[in-house]
Amino acid sequence: MEGLVDNLSQRGLFLCTTQVVAVGVEGLVRLELPDGEVALPARVVRVVGDERSGVALMFATARASRALANFMMRCHASSLRT
């Protein structure tokens with residue numbers, strides 16, 4: 001599935017996409033970060049079919065999202081320095 005990330009947190013993300021996916025489907029979310037690609041196991045927890053079409057994905061484990069959390073903290077710290 002491909003799409004654009006609309007909302008990102010340590011626990012999951014909302015992916016804007018027109019592709020049809022059922023709640024409960026599991027897979028890997030691949031995110032390209034400046035430090036390299038991160039693959040996070042995730043599960044579809046909500047499907048939205050209105051003007052904001054897409055799916056809410058929850059990362060499978062807190063351990064799996066650690067690389068993403070570290071990246072987000074570095075970005076936040078660097079924005080405070082500027």
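What to note about this one:
This table checks each residue for (1) modelled with pLDDT under 90; (2) surrounded by 14 or more Cβ atoms within 10 Å (Cβ to Cβ); (3) among the β-branched types (Val, Ile, Thr).
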residue: 22; (1), (2), (3): no, no, no
residue: 53; (1), (2), (3): no, yes, no
residue: 58; (1), (2), (3): no, yes, no
residue: 67; (1), (2), (3): yes, yes, no
residue: 71; (1), (2), (3): yes, yes, no
residue: 75; (1), (2), (3): yes, no, no
residue: 78; (1), (2), (3): yes, no, no
residue: 82; (1), (2), (3): yes, no, yes
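- Selected residue [in a strand (DSSP E or B) and not aliphatic (A, V, I, L, M)] from 46, 52, 74: 46
- Some residue of the range 1-19 being closer than 19 Å to residue 73 by Cα, outside any strand (DSSP E or B) and small (Gly, Ala, Ser): yes
- Qualifying residue in the range 31-43 (condition: touching a Phe, Trp or Tyr at 6+ places or on another chain (Cβ under 6 Å), exposed (fewer than 15 other Cβ atoms within 10 Å of the Cβ) and part of a strand (DSSP E or B)): yes
The values are calculated or read from the model by the stated rules, or taken from the named source; none is laboratory data. Source: prediction; values computed, not measured. Note that we place each Cβ from the backbone using ideal geometry, even for glycine, and neighbour counts take in every protein chain shown.
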